[in-house]
Structure formats: structure tokens, C-alpha cells
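Here the structure is laid out as C-alpha cells; the discussion comes afterwards.
The values are calculated or read from the model by the stated rules, or taken from the named source; none is laboratory data. Since this is a predicted model, take the numbers as computed values, not measurements. Virtual Cβ from ideal backbone geometry, glycine too; neighbours counted across all protein chains shown.
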Amino acid sequence: MRPEPGQVLHFSEDPAIERFVPHVAVTTSLTEPYVWAVGYERCPDYWFPRACPRAMAWTGPRTTKEDAARIIGPGCGERVHAIEYCWVKALMDVRLYAYRLPADDFAPIGDPPHAMVAKVPVEPMGPPEPVDDLFELHEEAGIQLRLLPNLWGFWNEVTASTLEFSGIRLRNARR
């Protein structure tokens, strides 16, 4: 599930959103209200239930072969997503929807950019689309999906490596 040219996506478990209005997300330190979305490259970050903690790592221009082999694994692609075992059932059962939004209303945010934001209300380009099997999406995208009893050891290795990385909802991970 990826956007087409001229689009960004917003993933939600709510299939009834008719208009996205800028707001200050409770999970951000930013104070300006935005409508949040993602472009093609960052869509896989959101192929999860909203509250699911996930640690993600991928190769980048400064990634060493040693770090890629040690953390992602030899012959295992260029990207790995990790979640805790206790979230597998939620990953299997969630009803996730993708809203296609016009990219013209959005600008990148972050350095490097990790999301797209709009400062004005945005209406979806059509009804939300159900996002099918999240395991299958990972497989089709060549993304290794790793199950762990706890994310913190993996996260510590990733953040100390030369890999690119992102962690979402880590406050929900087991301590």
C-alpha cells in the first residue's frame, strides 16, 4: 500500500474520516498544528496497529557492510522492522485503512524528512482503502519482520550502528 504520484497517505484504524484538520499530535514535541501523512518511502513505517511499538532499521549511504550483516542479516534485504511478540495478534487482527491525500497540500518535515505535513485542512481523494495482510505487505516489499520478546536490546544496537533507523510508539514497548 503506497501512494501514487501526486499523493501521500495517512494510515488510520478509523474508516470514517471525512476531513483531516491540523492538530498538535500528542506524540510530538512540536507545537504547530499539522495534518500528518507519509510519502512512498516511509509508508512501511505505518503498516502496523497505531499503538504498536516498532523499531525499524535500513541501509543508508554511510552503512557499513558489517553493521548491515550484523543487524539485518546477510542476504536478508536492506530493511528490518521489529515488534514484540505480544503485538503479533494485534498485527494480524487490525483493520487498517489508507487515505489518499493530495500531495500538493503537504511539505516534508524533519532532517532528514520523515513525514509530510499540511497546515491546512485536507479532504481525502476518495474513500479509505482497507490495507490488507500486513505480513504480506512486508514480504512483498522485501522487509524483514522480526519478532522479539523486547525491543530495547535491538533498539540499542540499531541506534549505535551506521544504519538509518526510526522508532515509533516505543513508549509502549516492554521495559
Scanning the range 76-87 residue by residue, the ones that are under 16 Å from the mean Cα position of the chain (by Cα) and of a type in the set (A, V, I, L, M, F, W, C) total 4
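Can you say whether LEU91 is surrounded by 15 or more Cβ atoms within 10 Å (Cβ to Cβ), touching a residue at least 24 places away in the same chain (Cβ under 8 Å), in contact with a helix residue (DSSP H, G or I) (Cβ under 6 Å, 6 or more places away or on another chain) and closer than 21 Å to THR27 by Cβ, as far as the supplied structure shows? Walk me through how you get there before you give the answer.
Details: surrounded by 15 or more Cβ atoms within 10 Å (Cβ to Cβ): yes; touching a residue at least 24 places away in the same chain (Cβ under 8 Å): yes; in contact with a helix residue (DSSP H, G or I) (Cβ under 6 Å, 6 or more places away or on another chain): yes; closer than 21 Å to THR27 by Cβ: yes.
Considered against the rule, which asks whether it is surrounded by 15 or more Cβ atoms within 10 Å (Cβ to Cβ), touching a residue at least 24 places away in the same chain (Cβ under 8 Å), in contact with a helix residue (DSSP H, G or I) (Cβ under 6 Å, 6 or more places away or on another chain) and closer than 21 Å to THR27 by Cβ, LEU91 comes out as yes.
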- Query: Would the range 118-127 turn up any residue that is within 18 Å of the chain's Cα centre (by Cα), surrounded by 14 or more Cβ atoms within 10 Å (Cβ to Cβ) and among the β-branched types (Val, Ile, Thr)?
  - Reply: no
- Query: Out of curiosity, is GLU123 in contact with a Pro (Cβ under 9 Å, 6 or more places away or on another chain), of a type in the set (Asp, Glu) and under 28 Å from HIS23 (Cα atoms)?
  - Reply: yes
Filtering the range 154-164 down to residues that are surrounded by 16 or more Cβ atoms within 10 Å (Cβ to Cβ) and under 19 Å from the mean Cα position of the chain (by Cα) yields PHE154, TRP155, VAL158, LEU163, GLU164
Only unsatisfied item for THR27, checking (1) among the β-branched types (Val, Ile, Thr); (2) more than 25 Å from PRO149 (Cβ to Cβ); (3) exposed (fewer than 14 other Cβ atoms within 10 Å of the Cβ), is (2)
Evaluate the following for ASP132: is it acidic (Asp, Glu), in contact (Cβ under 8 Å) with a residue 12 or more places away in the chain, loosely packed, with under 14 Cβ neighbours inside 10 Å and more than 28 Å from ARG175 (Cα to Cα)?
yes
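Search the range 100-119 for residues being small (Gly, Ala, Ser) and in a strand (DSSP E or B), and hand back the single one that is modelled with the lowest pLDDT. Reasoning before the result, please.
Let us first name the residues in the range 100-119 that are small (Gly, Ala, Ser), namely 103, 107, 110, 115, 118.
Subset that is in a strand (DSSP E or B): 107, 110, 115, 118.
Numbers: ALA107: 94, GLY110: 83, ALA115: 89, ALA118: 95.
Only one residue fits best here, namely GLY110.
Only one of LEU147, LEU151, LEU101 is in contact (Cβ under 8 Å) with a residue 60 or more places away in the chain, crowded, with 19+ Cβ neighbours inside 10 Å and in contact with a helix residue (DSSP H, G or I) (Cβ under 9 Å, 6 or more places away or on another chain); which?
On the way: LEU147 fails: crowded, with 19+ Cβ neighbours inside 10 Å; LEU101 fails: in contact with a helix residue (DSSP H, G or I) (Cβ under 9 Å, 6 or more places away or on another chain).
Result of the check over LEU147, LEU151, LEU101: LEU151.
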